[in-house]
Amino acid sequence: MTNSPTERAGAILDDFDSRPGSATSLIRTVLGAYVRDFGGSVAIADFVELMQAVGIPPESTRIAVARLKKKGVLSPRVHDGRGVYEVTEQAESMFARGDPRIFAFRQMSEGDPWRLISFTIPESQRAARHQLRRRLGWIGCGTVSPGLWIAPEYLAREVGDIVDALGLSDFVTTFVSTSVFVPDSMAGAAARWWDLEGLAARHREFLENHEGRLRAVENVSPRDAFVRFVPLLDEWRIIPYIDPGLPAGMLPDDWPGSDSVRLFASARDRYLALSRDWARSVQSRLHT
């Protein structure tokens, strides 16, 4: 298990360092959506079979598992004489925090409160200051100025987790606000505080990569559901973090986010339960 503040902070958000589609990213996706579903433990041979279904060679799976063990995401144990890996308590907390975001996209309404995050961090803590800004950005906070950030109030707990994990609580003050006044408009402010063009590009790429495939096939087997849904989920799961779910009045008229949210919801409803049936059938060998 990891114990230092830097390591604990890494456990919160370090899966964003994995490129979607990579072995490490796909393995994290399968751990979060499938291995936890059947108790959090899996034999390496069964895990290799799960990952081969989505194109990850056995050796790549074993290497990625070793890396995740080192990071404290997985821990080895012996079950009935067979070696298995289980999701650690620390990683379970990380995955559990992500579930509501990933599987039920959070959306602000007009008039919902904001959380303002103010900090002045000494130069001696430069590395921690960099990590704070990086991680606030990765959970969808906007930059009003270098020392003042803004987020929907429903991100307050995640902000607090990051601040505590980095050991910066003495340097950070947060406020709840129901009114924000800007010199032009909230739409103009949103364009300054968030990279809306970058977020829109993410949504459009997701739609381009998956919309046609989802429409093309009506009925699939449990294994095919797994093969189709895991890459889609792996690409999607980053989007609800970096997109804070701003209200419609703060977004451009051609905002693609609503379409990608609907696409993911349709894929989730069609494939998730069916794909979990197949994953359980693979891991059931652990208990036989």
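Summary of computed values
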quantity	calculated
Candidate set: region 246-276, residues that are among the acidic types (Asp, Glu) and assigned to a helix (DSSP H, G or I); chosen: the one surrounded by the fewest Cβ atoms within 10 Å (Cβ to Cβ)	ASP269
Filter result for the condition that a residue is surrounded by 17 or more Cβ atoms within 10 Å (Cβ to Cβ), at pLDDT below 95 and farther than 30 Å from MET186 by Cα, over LEU233, LEU286	LEU286
Number of positions in region 199-238 that are of a type outside the set (Lys, Arg) and either in contact with a His (Cβ under 7 Å, 6 or more places away or on another chain) or touching a residue at least 40 places away in the same chain (Cβ under 8 Å) (or both)	23
Members of region 208-229 found to be closer than 23 Å to PRO244 by Cα and buried (at least 17 other Cβ atoms within 10 Å of the Cβ), listed by number	HIS210
All positions within region 67-95 that are surrounded by fewer than 16 Cβ atoms within 10 Å (Cβ to Cβ) and more than 23 Å from SER284 (Cα to Cα)	ARG67, LYS70, SER93
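The values are calculated or read from the model by the stated rules, or taken from the named source; none is laboratory data. Nothing here was measured: the structure is a model prediction, and the numbers come from that model. Note: ideal-geometry Cβ built from the backbone for every residue, glycine included; neighbour counts use all protein chains shown.
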